[in-house]
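The values are calculated or read from the model by the stated rules, or taken from the named source; none is laboratory data. Being a predicted model, the structure only gives us computed values, none of them experimental. Here Cβ is always computed from backbone atoms with ideal geometry, including for glycine, and neighbour counts include all displayed protein chains. To get the accessible areas, we keep the full protein, side chains included, count just its heavy atoms, and leave off ligands, DNA and RNA. Shrake-Rupley method; radii C 1.70, N 1.55, O 1.52, S 1.80 Å.
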Amino acid sequence: GIIMYVTWITIVLVVLSLGYVYIGWRLIIPAKLVMPWKLIAWIGLSLMFLLPFGSRFLARYNENLTDPLSWVAYVILGFLSMVFTFLLLRDIVWLLSRGMRRGYFFVQKFYSHTSASQVDSSRRAFLLQATNIGVLSVAGAFTAYGIYEARRKPGIVNITVPIANLPKEFVGFKIVQISDIHAGLTVRRDWIETIVNEVHTLKSDLIAFTGDLADGSVPHLRDDVAPFRELQAPHGKFFVTGNHEYYSGAEPWVNEARRLGYDVLMNEHRLIERNGSALVLAGVTDYTGGQFLPHHKSDPKAAINNAPSDAVKILLAHQPRTVYQAEPLGFHLMISGHTHGGQFFPWNLVATIGQPYISGLHNHNGTWVYVSKGTGYWGPPVRLGARSEISVITLTNKSAT
């Protein structure tokens, strides 16, 4: 687990380093600043690069110090992600247009035997500076809108899942899913209270929390996550671990989830009974859990050990890729999160790595998979094209659809 975590951090450092160098190359160098302003600009960019890592490092010593710093660090990270994206798009368009223009000049010169005029260097420098200002303005606007999208009330997404041979007693059974809260950093109690109030209005039969409750220690975040205790449903509320539980201390967070009243499914199942019929609700630890704690290895097969073979089986699993193990075991439905629906570009490219699905309802060789876009967010408080959600999954009999 430690090796995997260090590898992941190394990859993030390398990718971000290249991104920030690119930003400096395309913004600071063309500005032709004189000393000491050039030095100040590079130092400022370097500090922006270090801020998110600094806030995480400080959290190991005093989490209270990181709260205001996290807002600054992750808003800047979101903004510079946008700057990088728009600079790259601008430069790709520029390269293509220059290539086309040179091709045109070559053809013109070949046929007319006259020299074709080129864009002079001063005009090119002016265009670069003007578009740089445009990139910064557009990136700022997109960041502001992305913050609004991330911090607005989560949307309610209604999904109907047709299941063959679903007992009539469970037709219309409503599972409300919350996922990927990531309490800590910029997600605190006020945001969580908003989520809890929304879930209260949905009158669920069962509540499923599919992992990534927090980023930080239990003592630091206990008060922030306390509102989750208030959630109730007639057939119970259930929790499975996500990968971020393992970064923050999985066993303390499992204990805290239980203290909040959740039935934590650790590669095990429960029979959900209704008017004499039953279905199997199983849950597994996170796909990567065994790399941190050997006894937390994800095991869908163990999760349905001794379960009635003819019952409808539903699996709670944080990561969508668990479906590769779950589908051969005959699960009818798997409910997941983890991907945040991509959250925003270019981070959505990272979210797709190793995952068969990034959001929505999918039929995977007969097993339904629903992937939530997440109820909170992680890192930069920015969402674009992937609004946070509270998912309402209603079961129906396949023959009725």
(request) Quickly run through region 362-386 and pick out the residues that are surrounded by 18 or more Cβ atoms within 10 Å (Cβ to Cβ) and more than 22 Å from residue 74 (Cβ to Cβ). (result) 367, 368, 369, 370, 371
(request) State whether one or more residues within region 307-319 are among the acidic types (Asp, Glu) and either touching a Gly at 6+ places or on another chain (Cβ under 6 Å) or at pLDDT 95 or above (or both). (result) no
(request) Please enumerate the residues belonging to region 90-119 that are at pLDDT below 75, open to solvent by 70 Å² or more (accessible area, probe 1.4 Å) and under 27 Å from residue 25 (Cα atoms). (result) 100, 101, 102, 118
(request) Go through the residues of region 283-306 one by one and say whether even a single one is part of a strand (DSSP E or B), open to solvent by less than 10 Å² (accessible area, probe 1.4 Å) and touching a residue at least 60 places away in the same chain (Cβ under 8 Å). (result) no
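Search region 339-386 for residues being of a type in the set (Val, Ile, Thr) and out of contact with any Phe, Trp or Tyr (no Cβ under 7 Å at 6 or more places or on another chain), and hand back the single one that is farthest from residue 196 (Cα to Cα).
Of the residues in region 339-386, the ones of a type in the set (Val, Ile, Thr) are 339, 350, 352-353, 358, 367, 369, 371, 375, 382.
If we keep only those that are out of contact with any Phe, Trp or Tyr (no Cβ under 7 Å at 6 or more places or on another chain) too, we end up with 339, 350, 352-353, 358, 375.
Values: 339: 22, 350: 29, 352: 29, 353: 31, 358: 25, 375: 11 Å.
For region 339-386, the residue satisfying everything is 353.
Would you check if residue 354 is over 11 Å from the mean Cα position of the chain (by Cα), in a loop (DSSP other than H, G, I, E, B) and touching a residue at least 24 places away in the same chain (Cβ under 8 Å)?
For residue 354, the condition - over 11 Å from the mean Cα position of the chain (by Cα), in a loop (DSSP other than H, G, I, E, B) and touching a residue at least 24 places away in the same chain (Cβ under 8 Å) - is met.
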(request) For residue 192, state whether it is over 15 Å from the mean Cα position of the chain (by Cα) and either under 20 Å from residue 240 (Cα atoms) or not polar (S, T, N, Q) (or both). (result) yes
(message) Suppose we filter region 153-173 for residues that are in a loop (DSSP other than H, G, I, E, B), surrounded by fewer than 17 Cβ atoms within 10 Å (Cβ to Cβ) and either in contact with a Ser or Thr (Cβ under 8 Å, 6 or more places away or on another chain) or at pLDDT 95 or above (or both); how many remain?
(response) 4
(request) Taking the residues in region 182-219 that are open to solvent by 40 Å² or more (accessible area, probe 1.4 Å) and part of a helix (DSSP H, G or I) as candidates, determine which candidate is farthest from residue 263 (Cα to Cα). (result) 190
(message) Condition first: in a helix (DSSP H, G or I), over 30 Å from residue 152 (Cβ atoms) and among the small types (Gly, Ala, Ser). Now tell me which residues in region 319-346 satisfy that.
(response) 326
(request) Scan region 255-282 for residues that are surrounded by fewer than 20 Cβ atoms within 10 Å (Cβ to Cβ) and closer than 19 Å to residue 338 by Cα and jot them down. (result) 264, 266
(request) Could you please let me know if residue 381 is touching a helix residue (DSSP H, G or I) at 6+ places or on another chain (Cβ under 8 Å), modelled with pLDDT of 90 or more, part of a loop (DSSP other than H, G, I, E, B) and farther than 30 Å from residue 55 by Cβ? (result) no
(request) Might you check whether a residue that is over 24 Å from residue 185 (Cα atoms), crowded, with 24+ Cβ neighbours inside 10 Å and in contact with a helix residue (DSSP H, G or I) (Cβ under 9 Å, 6 or more places away or on another chain) occurs anywhere in region 338-361? (result) no
(message) Against the condition at pLDDT 85 or above, open to solvent by 90 Å² or more (accessible area, probe 1.4 Å) and either closer than 30 Å to residue 219 by Cα or under 36 Å from the mean Cα position of the chain (by Cα) (or both), how does residue 87 come out, does it pass?
(response) no
(request) Filter region 13-24 for residues that are open to solvent by 30 Å² or more (accessible area, probe 1.4 Å) and closer than 16 Å to residue 51 by Cβ and give the result. (result) 13, 17
